[in-house]
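One structure is given below, encoded as structure tokens.
The values are calculated or read from the model by the stated rules, or taken from the named source; none is laboratory data. Predicted, not measured: the structure shown is a model, and the values here were computed from it. For neighbour counting, all protein chains shown are included, and Cβ atoms are generated from backbone atoms with ideal geometry for every residue, glycine included.
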Amino acid sequence: MKLNPIAVALAAGVAAAPGLALAHHSFAMFDATKELTLTGTVKEFQWENPHTWIQLYVPNQQGKQIEWSIEGTSPNGLARKGWKRNSIKPGDKIVVKIRPLRDGQPGGSLMTVAGADGRVIGEAH
């Protein structure tokens, strides 16, 4: 039986595609067993592909402002949940629930965002 080299290359590419997709969307760096609630002030909301980001200033125990990098899903994914590019703005006081980074750095995966008044602005999942 003679194999068509183009068909073999195509089959190899299709077989590798799920692994590449999973690698891009791996959430292994986040601790799925933990949930943190942070209250802070928005420095920046990045509405960009492939993922949105919230840069949030959160005071530590000594009152020093620590910048947290919080990764959200894509703008398209958030838009389907009712988000807009201006749902949160620099200077907004917000409360976020996140799955923290495993390495203890100030960052995480976004779960929900609420205003300082407790009104839920949006869910990320």
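Any idea which of Glu48, Glu35 is closer than 15 Å to Gly107 by Cβ and of a type in the set (D, E, K, R)?
On inspection, the qualifying residue turns out to be Glu35.
All but one of (1) at pLDDT below 95; (2) of a type in the set (Ser, Thr, Tyr); (3) outside any loop (DSSP other than H, G, I, E, B) hold for Thr39; state the number of the condition that does not hold.
Going through the list (1) at pLDDT below 95; (2) of a type in the set (Ser, Thr, Tyr); (3) outside any loop (DSSP other than H, G, I, E, B), Thr39 breaks only (1).
Before we move on, is Val14 at pLDDT 95 or above and more than 11 Å from the chain's Cα centre (by Cα)?
Answer is no for this residue.
Among the listed residues Gly91, Gly72, Gly82, identify the single one that is touching a residue at least 40 places away in the same chain (Cβ under 8 Å), touching a helix residue (DSSP H, G or I) at 6+ places or on another chain (Cβ under 7 Å) and closer than 21 Å to Gly118 by Cβ.
Answer to the check: Gly72.
Check whether at least one residue in the range 59-71 is at pLDDT 95 or above, in contact with a Ser or Thr (Cβ under 9 Å, 6 or more places away or on another chain), closer than 22 Å to Phe27 by Cβ and crowded, with 16+ Cβ neighbours inside 10 Å, and report yes or no.
yes
Any chance the range 31-47 includes a residue that's under 19 Å from Arg119 (Cα atoms) and within 12 Å of the chain's Cα centre (by Cα)?
Within the range 31-47, one or more residues are under 19 Å from Arg119 (Cα atoms) and within 12 Å of the chain's Cα centre (by Cα).
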